[in-house]
């Protein structure tokens with residue numbers, strides 16, 4: 001398993017507005033945002049993912065940097 | 001690993017319509033869209049909904065129900081973008097202060113900011129003034145329904161009343177595709193066919209300002225994204241009573257389904273659209289059987305309207 005470690009990257013994920021704490025997540029290189037959300041047990045329909053502050057398509061490959069998962073709650 | 005359906009650029013995935021980097025992947029359409037083309041896509045669909053379903057004539061007054069959340073904020077912004085320059089169309093925003101501690105004051109602040117920026121007339125009405133009680137006070141009493149029932153019925157009543165006072169010919173509501181799909185499914189699950197028909201009445205019902213829902217074809221997350229890319233002032237906080245509603249369960253179920261089977265929400269709405277005219281023949285909206293409520297005089301099906309019932313009149 002240690003062999004695979006060098007194929008992993010670590011990203012900082014912040015889920016807002018839920019918990020404003022940041023968590024480090026280890027993922028395999030080539031993981032998409034969609035996969036990352038699955039790993040975090042978050043439904044992709046209920047969030048917008050911001051990469052370094054910009055909205056990003058969920059089928060894109062995750063690269064290192066700051067990731068914000070914005071939960072969209074129904075106001076009204 | 002999944003193959004990517006869009007072309008890669010040095011930065012990310014390219015827009016299906018131009019060379020710019022995309023900000024969203026619409027699974028249901030298969031398109032990647034950049035900021036410009038995403039905004040165009042949303043606005044085109046909203047204009048289409050208005051043209052197809054709501055025939056706005058000259059000299060109309062459109063009231064917009066504005067809570068300050070993302071949906072109504074986007075609704076007001078886009079209606080102003082479409083009709084704001086028309087000298088024959090009047091716009092008025094209506095905000096209802098239900099009296100929800102630690103929540104509504106923030107959203108009212110956001111809504112004021114928006115109407116000030118856009119220069120739109122803004123009326124704020126409260127449960128406290130109208131009903132003599134805030135929602136918090138109402139729900140602290142012994143109650144037989146969930147908070148959302150009280151809030152929904154009483155807010156709708158006050159919105160209608162205010163819209164009428166302002167001479168509105170339409171009342172625009174910020175329901176998005178998710179809201180519509182949830183309501184359709186919810187009514188199916190409850191077997192409530194007459195309510196299903198009332199969700200999209202084929203004809204005008206006497207005594208009520210016509211409701212229009214321009215955002216009904218836009219998925220919730222796209223409404224939120226539209227608000228973000230246009231930097232609209234809005235509040236993302238959740239109503240403290242939201243956990244009480246069964247709607248949340250339906251929402252999770254639909255979201256689960258949509259991510260596995262993209263297009264589900266759209267299909268639910270378009271199937272419903274085909275069903276309504278057929279159902280309405282068997283279950284006509286009750287316009288012929290309406291009476292005046294003996295307490296407030298509003299039109300209703302019994303002798304006492306739902307709002308007065310909830311307020312404790314007998």
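Results, tabulated for the structure shown:
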| quantity | calculated |
| --- | --- |
| Degrees between helix B:264-282 axis and first principal axis of chain B (Cα, 0 to 90, nearest 10) | 40 degrees |
| Peptide B:14-25, shielding by other chains (average Cβ, 10 Å cutoff) | 3 |
| Angle between chain B longest axis and helix B:70-83 axis [Cα atoms, degrees, rounded to 10] | 80 degrees |
| Antiparallel bridges, percent of DSSP beta bridges restricted to the protein assembly as shown (to nearest 5) | 50 percent |
| Residue among B:224, B:181, B:245 with the largest mean-square fluctuation in a Gaussian network model of chain B, springs linking Cα atoms under 10 Å | B:245 |
| Pairwise Cα inverse-distance average, inverted: Kirkwood Rh of the range A:16-76 (Å) | 12.1 Å |
| Whole-number D in µm²/s for the range B:49-126 (Stokes-Einstein; Kirkwood sum over Cα pairs; 25 °C, 0.890 mPa s) | 187 µm²/s |
| Most mobile listed residue (B:298, B:178, B:71) in chain B, GNM with C-alpha springs under 10 Å | B:298 |
| The range B:188-314: relative contact order in percent, alpha carbon pairs under 8 Å with at least 6 residues between | 29 percent |
| Estimated Rh, the range B:202-314: Kirkwood, alpha-carbon pairs, angstrom | 18.2 Å |
| Convex hull of the range B:71-218 built on C-alpha atoms - directionally averaged projected area, nm² | 10.2 nm² |
| Ranked list, fewest to most other Cβ atoms within 10 Å of each Cβ, for B:56, B:218 | B:56, B:218 |
| Per-selection Rg to Rh, the range B:148-277 - Cα, Kirkwood hydrodynamic radius | 0.96 |
| Principal axis box of the protein assembly as shown, alpha-carbon based, largest edge first, Å | 78, 47, 45 |
| Descending semi-axes in whole angstrom, ellipsoid equivalent of the range B:23-76, from the Cα gyration tensor | 26, 16, 9 |
| Calculated log₁₀ intensity ratio I(q)/I(0) where the Debye formula runs over C-alpha points of the range B:137-191, q = 0.23, 0.28, 0.29, 0.31 Å⁻¹ | -1.01, -1.05, -1.06, -1.10 |
| Proxy reagent accessibility, fewest Cβ within 10 Å first, across B:83, B:101, B:127, B:272 | B:101, B:83, B:272, B:127 |
| Exercise: per-residue mean of other protein chain Cβ atoms within 10 Å, B:220-230 | 4 |
| Per-q log10 I(q)/I(0), the range B:85-142, q = 0.15, 0.20, 0.29 Å⁻¹ (Debye; single scatterer per alpha-carbon; no solvent) | -0.54, -0.78, -1.15 |
| Convex hull volume of chain B per residue (C-alpha atoms, cubic angstrom) | 156 Å³ |
| Neighbouring partner chain Cβ atoms per residue of A:48-57, average, 10 Å criterion | 5 |
| Angle in degrees between helix B:35-53 and the longest Cα principal axis of chain B, rounded to the nearest 10 | 40 degrees |
| Cα-Cα pairs of the range B:1-119 separated by more than 21 Å (percent) | 55 percent |
| Contact order normalised by residue count of chain B, Cα under 8 Å, 6+ apart, percent | 19 percent |
| Contact order normalised by residue count of the range B:77-140, Cα under 8 Å, 6+ apart, percent | 38 percent |
| Max mean-square fluctuation residue, GNM over chain B, Cα-Cα springs under 10 Å, options B:60, B:40, B:231 | B:231 |
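No lab work stands behind these numbers, since they all come straight from the coordinates. Predicted model, so just to flag it, every value in this text is computed and none were measured. Every residue, glycine as well, gets a Cβ built from its backbone with ideal geometry; the counts of neighbours run over all protein chains shown.
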